[in-house]
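Every number here is computed from the coordinates shown, using simple stated rules; none is lab data. A quick note: this is a predicted structure, and the numbers were derived from the prediction, not measured. Virtual Cβ from ideal backbone geometry, glycine too; neighbours counted across all protein chains shown.
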Amino acid sequence: MTSQPSHDRPILVTGAAGAVGAIGRHLTEMLLAKGHKVRALVRREDERAEALRRMGAEVVQGDLTDLTDMHRVIEGVKRIYFGMSVSAAYLEATVNVAAVARHHRVEAFVNMSQMTVSSMSITETTPSPQHKLHWLAEQALAWSGLPVVTVRPTVFMEGFFGNLAAVNILAHDELAAPFGTSRTSPISTIDVARAVAAILDDPAPHIGRAYDLTGPESADLDHYARVFSAVLGRTIRYRDVPVEAWTGKLREYGMPPHLVSHLAVMGDLHAAGLYDRMTDDVFRLTGEKPLSMYDFVKRNAAMFTKPEAAA
C-alpha cells in the first residue's frame, strides 16, 4: 500500500497522548512514517506531549468541548481523526469538533465509535450511557454533511485483557471477568491505529463508510486463559465473576462512575454473547491480519510477570 504524497496541511489527531491503548500515539507515529504532517492534540503539557514532539508532531493543547480552542486547533488541517475516551462530555465534544471542522471545510473526518453501535437504532439501545452517546454522535455526524468515515472497534485487548486483567493475573494467576462462557474477539489498539492510518492516508474511497474492527479470532475466556498460560509459562485460569463484584473493584480503583457504568454493561453484553462477532475489515484496510492474543501477551509479558520472576 503506497502513501499519498505529503501535503503542507497537517492531519489532526485528537487524544494523541491518551493512556489506555494509546491509539492516538500509535496513529501519530504511523502517519508521520507515511510522510504526513501531524498536529497532535493533547489535554495537558507533560512527558507524553514531549514524546510526541520528539516523533516530529506539531503538539497543541486544547479542550475538545471549547469552541475557541477547536478553531485554533482545526484551522489549517486537512483531515481529522476524532477519538475521545469514555466521558459524559463525549457528545458535546463530538458536536463541537464537528461544527468547527465543517466551518473549516476539512476533507475527511474519521470518527472513532464502538462496534455495539452497529446493532443500535432509534428503537434499540443498551443501558450504557456511553453507547447512547456514541450512537447519538454518529447521528449528528450523519446530519452534519461532513465527509465522515466511521470506525467501530470491538473490545480492546489493552483494556479488558491488559490493564483490567493484570492485577488478578499477577496476584492470583487468574483471568477474572464477568463474561460467563461467552466468546469475544478483542482487537489490539495497534491494529485500530493501523486501520485508521490507512484511511487517513487516502480517505476518498472510504467517505461515508463504516468499518467494524475485530481481532483474528472469537473465543471464550478459558481459551484466552490457556493462551496466557502458554506465553507466561505458568497456569492462568479463567474465573467468571459477578458483574457487581467486578465493578465494585473498579470503583475501589477510583474509576469514574460513568466509566464503571459503561464497563458493567459491556460485561453484561459479553455474558449474553453479544461480543461474539468477527469481520475481516482490518485485513481489507491494511492488507495484514490483526494481532493475535498470543502475540499481544508476548509483547506485554512484563505487565503480567512479577518483578522477582522477571529478574
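General observations
- Calculated diffusion of the range 1-147, Stokes-Einstein form, Kirkwood radius summed over Cα pairs, 25 °C and 0.890 mPa s, µm²/s: 156 µm²/s
- Size of the chain: Rg and Dmax of its alpha carbons, in Å, are 19.3, 56.
- Global size of the range 183-228 as Cα Rg and Dmax, reported in angstrom: 14.2, 42
- Reduced Cα scattering model of the range 251-311, Debye log10 I(q)/I(0), q = 0.12, 0.14, 0.20, 0.21 Å⁻¹: -0.60, -0.79, -1.01, -1.00
- Computed extension gain for Ser292 through Leu250, at 0.36 nm per residue and net of the alpha carbon distance, reaches 12.5 nm.
- Restriction of the chymotrypsin sites (Phe, Trp or Tyr not before Pro) in the range 233-311 to DSSP coil positions whose beta-carbon has at most 11 other beta-carbons within 10 angstrom yields Tyr253.
- Sequence-separation-based contact order of the chain, relative, with Cα cut under 8 Å and 6+ spacing, percent: 18 percent
- Full extension of the segment from Leu170 to Arg105, taken as 0.36 nm per residue of separation minus the current Cα-Cα distance, would add 18.5 nm.
- Beta bridge orientation in the chain: antiparallel %, DSSP, nearest 5: 5 percent
- For the range 45-202: relative contact order, % (alpha-carbon pairs under 8 angstrom, 6 or more apart): 20 percent
- Under 17 Å from Lys249, Cα to Cα: lysines that are on another chain or at least 8 residues apart: none
- Kirkwood hydrodynamic radius computed over the range 117-190 comes to 14.9 Å, based on all pairs of distinct alpha carbons.
- Approximate spin-label separation Leu259-Asp222, in nm, with each point projected 7 Å along Cα-to-Cβ: 3.3 nm
- Cα-centred dipole magnitude for the range 220-311, charges only on beta-carbon of K, R (+1) and D, E (-1), debye, nearest 20: 340 debye
- Taking every C-alpha pair closer than 8 Å and separated by at least 6 residues, the mean separation divided by the residue count of the range 167-254 gives a relative contact order of 45 percent.
- The Rg/Rh ratio for the range 154-301 is 0.99, where Rg is the radius of gyration of the alpha carbons and Rh is the Kirkwood radius.
- The modelled label-to-label distance between Asp46 and Asn163, using points 7 Å beyond Cα along the C-beta direction, is 1.1 nm.
- Loop sites in the range 79-176: trypsin sites (Lys or Arg not before Pro), DSSP, at most 12 other Cβ within 10 Å: Arg105
- Ordering Val100, Ser119, Leu52 by Cα displacement along the dipole of the range 12-151 toward the positive end leaves Leu52 in first place; charges were set at the Cβ atoms of Lys, Arg (+1) and Asp, Glu (-1).
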